[in-house]
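Below you'll find the structure, written out as structure tokens, and then a few comments.
Every number here is computed from the coordinates shown, using simple stated rules; none is lab data. A quick note: this is a predicted structure, and the numbers were derived from the prediction, not measured. Every residue, glycine among them, receives a Cβ derived from its backbone with ideal geometry; neighbour counts consider all protein chains shown.
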Amino acid sequence: MIKFLDLKKINEQYQEELKEACARVIDSGFYILGQEVKAFENEFAQYCNTNYCLGVANGLDALTLILRAYLEMGIMQKGDEVIVPSNTYIASILAISENGLVPVLVEPNIDTFNLNPKLIEASITEKTKAILTVHLYGQVTGMDEINLIAKQHNLKVIEDCAQAHGACYKGRKVGSLGDAAGFSFYPGKNLGALGDGGAVTTNDPELVQIIEALRNYGSHEKYKNKYKGINSRLDEMQAAMLRVKLGYLNREIKDRQNIASKYLNEIENQLIELPCVDNFSAHVWHLFVLKTSHRESLLNYMNSNSVQTLIHYPIAPHNQLAYQEWKARTFHISEKIHDKVISLPLYPYMSLEQQNKIITLVNNFHG
Ligand SMILES: *Cc1c(COP(=O)(O)O)cnc(C)c1O
């Protein structure tokens, strides 16, 4: 059986270091907002080339807290609108509605799966305050166009980097390409903890100061609460695990890119459309997503041949029960994407034999 993602195999690579880090935290006697979190924040800010990084409890909270801080700063008011891709993972959208802001869905480019800058302007109103762009599946969005539109309309640009740690746009890392960015360290992400975790990166000192309080009950100083904050902290144990894994991130990205490049070169089947990339450093291959009109049969065929194959994602956000207010809307491109996409296993340390088995199977698929 080839698993979709073999986390045991990945974490085995550095299990000694993980165990040492774990023991270091146990022995420290300090478990929340201590030296490991501080050190990881510095190391990750340096990695992303931003002035600041703040650890939080998960990726959803990272995005939610950025928007919440803009509300506290008076840059946004409840009821204001935030543009977000219509085909993103639901968490990007939840972060907006959670704050009493209105998600405005904009269709992606069907080839890159990322926000189509040409469609953004038609959705901008007086209430629009930000563009929340998502580097979906690990591929960077066309940031120059998005930043230009944002500048012309005085909008904040927030990056959802949950799937794209380390991806580069014109030599600059994601997390540093807008006004603020949210990362997830959910175990299955390209930089994954051994539990939940997340981070905000930014160069904005005021934003950092507010989020630092918001993540800790709204308090900068113990027992003094400036905001009605929440509890959303990265813990010492996860920070220590992430410090180990950050050291391997570039190597693992290379590995993912090599496998993706092999798939792109060797998969050949009329029934299958390969993912589209215009710049390899801009894609870190969190997911390798194909399009096919024969999805159900490809899914069954792969799984019955012991290759775990999944769909990201089967239901478009506007068709989710959680957003019944959008039930009558149609988003043609998203719907096409949600009907056709299927993801092949791709992860670092996957054996050549496994890669070859997947390629041969896909090439022999007859619908
Ligand atoms: C995983 C993910 C999130 C949420 O991250 P969590 O750590 O699971 O809360 C947000 N956005 C995208 C695009 C994601 O893939």
Verdict on residue 30 being surrounded by 15 or more Cβ atoms within 10 Å (Cβ to Cβ) and either outside any helix (DSSP H, G or I) or not hydroxyl-bearing (Ser, Thr, Tyr) (or both): no
Condition broken by residue 206, with the remaining ones in (1) crowded, with 19+ Cβ neighbours inside 10 Å; (2) not in a loop (DSSP other than H, G, I, E, B) satisfied: (1)
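The rows are residues; the columns are (1) assigned to a loop (DSSP other than H, G, I, E, B); (2) within 16 Å of the ligand (Cβ to nearest atom); (3) in contact (Cβ under 8 Å) with a residue 12 or more places away in the chain; (4) of a type in the set (Val, Ile, Thr).
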site: 100; (1), (2), (3), (4): yes, no, yes, no
site: 130; (1), (2), (3), (4): no, yes, yes, no
site: 133; (1), (2), (3), (4): no, yes, yes, yes
site: 149; (1), (2), (3), (4): no, no, yes, yes
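Output the residue which, of all residues in region 61-89 that are among the hydrophobic types (A, V, I, L, M, F, W, C) and in a helix (DSSP H, G or I), is surrounded by the fewest Cβ atoms within 10 Å (Cβ to Cβ). Quick ask: steps written out before the conclusion?
Filtering region 61-89 down to residues among the hydrophobic types (A, V, I, L, M, F, W, C) leaves 62-63, 65-67, 69, 71, 73, 75-76, 82-84.
Still in the list and also in a helix (DSSP H, G or I): 62-63, 65-67, 69, 71.
Numbers: 62: 33, 63: 34, 65: 28, 66: 30, 67: 27, 69: 27, 71: 17.
That would be 71.
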Number of the exception - residue 87 against (1) away from the ligand (no atom under 12 Å from the Cβ); (2) within 30 Å of residue 273 (Cβ to Cβ): (1)
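Residue by residue through region 324-367, note down the ones that are in a helix (DSSP H, G or I), of a type in the set (A, V, I, L, M) and more than 22 Å from the chain's Cα centre (by Cα).
The initial filter retains those residues of region 324-367 that are in a helix (DSSP H, G or I), namely 324-326, 332-340, 352-363.
Subset that is of a type in the set (A, V, I, L, M): 333, 337, 352, 358-359, 361-362.
If the condition is that a residue be in a helix (DSSP H, G or I), of a type in the set (A, V, I, L, M) and more than 22 Å from the chain's Cα centre (by Cα), then 352, 358, 359, 361, 362 are the ones that fit.
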Selection within region 209-228 - part of a loop (DSSP other than H, G, I, E, B) and within 16 Å of the ligand (Cβ to nearest atom): 215
Residue satisfying condition, being within 16 Å of residue 75 (Cα to Cα), within 15 Å of the ligand (Cβ to nearest atom) and buried (at least 20 other Cβ atoms within 10 Å of the Cβ), within set 138, 182, 178, 197: 178
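Residue by residue, here is whether (1) touching an Asp or Glu at 6+ places or on another chain (Cβ under 8 Å); (2) under 19 Å from residue 254 (Cα atoms) holds:
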{"residue": "106", "(1), (2)": "no, no"}
{"residue": "127", "(1), (2)": "yes, no"}
{"residue": "156", "(1), (2)": "yes, no"}
{"residue": "165", "(1), (2)": "no, yes"}
{"residue": "183", "(1), (2)": "no, no"}
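Can you tell me which of 299, 310, 234, 246 is more than 28 Å from residue 24 (Cβ to Cβ) and in contact (Cβ under 8 Å) with a residue 60 or more places away in the chain?
Values: 299 fails: in contact (Cβ under 8 Å) with a residue 60 or more places away in the chain; 234 fails: more than 28 Å from residue 24 (Cβ to Cβ); 246 fails: more than 28 Å from residue 24 (Cβ to Cβ).
Result of the check over 299, 310, 234, 246: 310.
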